[in-house]
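Trainee: Before I ask anything, let me first share the structure, which is written out below as C-alpha cells.
The values are calculated or read from the model by the stated rules, or taken from the named source; none is laboratory data. Since the model is a prediction, treat every value here as computed from it, not as a measurement. Here Cβ is always computed from backbone atoms with ideal geometry, including for glycine, and neighbour counts include all displayed protein chains. Ligands, DNA and RNA are stripped out before the accessible areas are found, and what is left, the full protein with its side chains, is counted by its heavy atoms. Shrake-Rupley method; radii C 1.70, N 1.55, O 1.52, S 1.80 Å.
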Amino acid sequence: VSLRRLLNERAATALARRGFRGGTGGSPTIIRGVRLGIIGCGYVTLDRHLQALRHVPEIEVVAVADAAPERAAEAAQRAGARAVDVDALLGDGAVEAIAVCTPPATHAELAVAALDAGKHLFLEKPLAPSLEEADRIVERAARSSRQVLVGLNFRRHRLVERARDVVREGRLGRIQAVRSAFTNPVLDEEIAWKTQRPLAGGALVDRAVHHFDLWRFVLGEEIAEVFALTRSERGDDQSTLVTARTTAGTPLTTLALDDSVVTHDLTVYGSEAAVVSDLCRFEGFDVAPRTELPGSPTARLRRARDAVRRPGESLRAVRGGGDFRLSYVEQWRHFARAVRGEVAASPTLADGRAALEVALAAARSADSGAAVRLR
Ligand SMILES: NC(=O)c1ccc[n+]([C@@H]2O[C@H](COP(=O)([O-])OP(=O)(O)OC[C@H]3O[C@@H](n4cnc5c(N)ncnc54)[C@H](O)[C@@H]3O)[C@@H](O)[C@H]2O)c1
C-alpha cells in the first residue's frame with residue numbers, strides 16, 4: 001500500500017507540473033487522484049478495471065463493495081483499498097465517485113442511490129435489462145450536477161477513434177455499409193444472469209450492445225430499423241446476427257458469438273475506400289483504396305508502414321497489455337478529467353440508452369421474425 005501511495009504521489013506531482021491541479025482555490029495544491037469506490041467485484045472489476053486503473057494515477061480506488069464479501073475482500077487486496085458494504089460506500093464522504101459494476105438488473109437501483117448520495121457515477125453497460133429501468137437512471141441523472149459515464153469503452157479504442165476520424169473526414173467517399181464482429185470464448189453458465197436475456201445476459205444484449213454503440217459513434221447516425229436472428233444453446237442468444245439500417249439508410253450488420261474464438265473488428269465500406277479496425281491488434285488498422293487487392297505488395301507495405309510509423313502508440317499498447325486493454329485505461333482517464341470538470345463525460349447515458357434500445361429491439365425481432373422499426 002505504501003509503495004502504491006508513493007507512486008500515486010509521484011504521479012500526482014508529475015501531473016501537477018503539467019498543470020493538472022486539484023483543490024478548489026487558486027493555490028497550486030498537488031492533487032490526489034479522484035477517490036473512487038467500486039460496487040461489484042466480479043469479472044469486469046477484477047479482470048478489466050483494476051488492471052487498467054493501475055495505469056491511471058489520476059484515480060485512487062479507496063473502497064470496494066460486493067454482495068459477496070469474499071469478492072470485495074479480493075478486490076480490496078488487489079487495489080490496496082478498503083472492503084466495505086454497499087451502504088457504507090454510498091455514505092462515505094471521502095468517496096467522490098462510484099463505479100457500478102454489478103449485473104445489469106441491479107444497475108438502476110445502485111446508480112440512483114449513487115446519484116442520491118451526491119457521487120459522480122461510472123456505470124457499466126448495458127444500462128439495464130429494460131428501457132423503463134434505464135429511464136429511471138436517465139431521469140435521476142437529469143436532476144443531478146454530477147458527471148455520469150457509461151462503460152462503452154470501445155469508443156476510447158485508438159483504432160476506433162481513427163476509423164471515426166477517417167469516416168468524418170469523408171475519406172471513404174459515400175458510405176455504403178458497416179460490418180462488425182464481436183465473438184469470444186466466454187460462456188459462464190455458473191453465473192445465472194450471463195446466459196439469460198431477461199437479465200440482459202447473452203451475446204445479443206450484453207455484448208453486441210458495444211457494437212450498436214460503435215455504429216452510432218463511427219457514423220454519427222441513429223438506428224432506424226433492426227432485424228435479428230439468434231440461436232440459443234447453452235445460453236440465450238449464444239449465436240446472434242443483427243442487421244440494421246440507419247435513418248440515413250446505411251445498412252449495418254454485427255455478428256456476436258459466445259463460446260467461440262476472439263474476434264473484435266469493425267469495417268466501414270465507402271465508395272472510394274474501406275476502413276478496417278481490428279481492435280485486438282496494435283497493427284490492426286487500414287484504409288484500403290477501392291481497387292486494391294488486400295494481399296498485394298502495396299497493401300502489405302502500407303499496413304506495415306502504418307504500424308511502425310506510430311512507435312509511441314505501439315509501445316504504449318504493448319506495455320498496457322494491448323490496445324484492447326488500453327481502451328479501459330483511456331476510459332478511466334477520461335472519467336477522471338470529467339470529474340475534475342475538464343471535459344463532459346462521454347459516452348453519456350443517452351448513448352447507453354440508444355445502444356440498449358437497439359439491443360432490445362433486436363431481441364424482439366429475433367422472437368417475432370420481423371424487423372422492428374425504431375424511428
Ligand atoms: N465493458 C466491458 O468490457 C465489460 C466486460 C464485462 C462485463 N461488463 C459489464 O459489467 C457488469 C458486471 O459484469 P461482470 O462480468 O463483472 O459480472 P459478475 O457477475 O462477474 O460480477 C458481478 C458482481 O456484482 C456482485 N453483485 C451483484 N449484485 C450486487 C448488489 N446488489 N450489490 C453489490 N454487489 C452485487 C456479485 O456478487 C458479483 O461479484 C455488467 O453490466 C457487464 O455487462 C462490461
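Trainee: Non-local amide H neighbours of residue 176 (under 5 Å, H modeled in plane, Pro and chain starts lacking H): which ones?
Mentor: 269, 270, 271
Trainee: Calculate how many DSSP beta bridges within the chain are antiparallel, expressed in % of all such bridges and rounded to the nearest 5.
Mentor: Restricted to the chain, the bridges split so that about 60 percent are antiparallel.
Trainee: Can I ask one more? What dipole magnitude, in Debye to the nearest 20, does the chain give about its Cα centre under +1 on Lys/Arg Cβ and -1 on Asp/Glu Cβ?
Mentor: Dipole size: approximately 1760 debye.
Trainee: Karplus couplings for the stretch 125-142 from phi (6.51 cos²θ - 1.76 cosθ + 1.60, θ = phi - 60°), rounded to Hz, Gly and Pro as x?
Mentor: 7, x, 3, 5, x, 9, 5, 4, 5, 4, 5, 4, 5, 4, 5, 5, 5, 5
Trainee: Another question, if that's okay. Quote the FRET efficiency, to the nearest 0.05, computed for residue 281 versus residue 94 with a Förster distance R0 of 35 Å and r equal to the Cβ-Cβ distance.
Mentor: The calculated FRET efficiency here is 0.30.
Trainee: Suppose only helical runs count, i.e. DSSP H with n ≥ 4. What mean residue ellipticity at 222 nm does that imply for the chain under -39500 (n - 2.57) per run, divided by all residues and rounded to the nearest 500 deg cm²/dmol?
Mentor: Per the formula, -11500 deg cm²/dmol.
Trainee: Let me ask another. Residue-wise, which Karplus ³J(HN,Hα) couplings in Hz belong to the stretch 295-304, taking 6.51 cos²θ - 1.76 cosθ + 1.60, θ = phi - 60°, and x for glycine or proline?
Mentor: These are the phi-based 3J(HN,Hα) values: x, 5, x, 4, 5, 4, 4, 4, 5, 5 Hz.
Trainee: Still on this structure: Tally up the carbon and sulfur contribution to the accessible surface of the chain as a whole percent, 1.4 Å probe, everything protein left in place.
Mentor: The C+S portion of the solvent-accessible surface of the chain is 52 percent.
Trainee: Pull up all non-local amide H partners of residue 35: gap of 5 or more, or a different chain, and H-to-H distance under 5 Å with H placed in the peptide plane.
Mentor: Placed amide hydrogens put 60, 96, 97 under 5 Å from residue 35.
Trainee: Can you run phi through the Karplus equation (6.51, -1.76, 1.60; θ = phi - 60°) for the stretch 32-41 and list ³J(HN,Hα) in whole Hz, with x for Gly and Pro?
Mentor: Result, rounded to whole Hz: 9, x, 4, 8, 9, x, 10, 10, x, 10.
Trainee: Expressed in whole Å with the largest first, what are the equivalent ellipsoid semi-axes of the chain derived from the C-alpha gyration tensor as the square root of 5 times each eigenvalue?
Mentor: Working: eigenvalues 228, 142, 72 Å².
Values for the chain, descending: 34, 27, 19 Å.
Trainee: Another question, if that's okay. If you take the Cα atoms of the stretch 189-285, find Rg, then find the Kirkwood Rh from the mean of 1/r over all pairs, what is Rg/Rh?
Mentor: Reported Rg/Rh, Kirkwood definition of Rh: 1.00.
Trainee: In addition: Where only protein heavy atoms count, and the probe is 1.4 Å, what is the accessible area per residue for the chain in Å²?
Mentor: Details: 16790 Å² over 375 residues.
With all protein chains present, the chain gives 45 Å² per residue.
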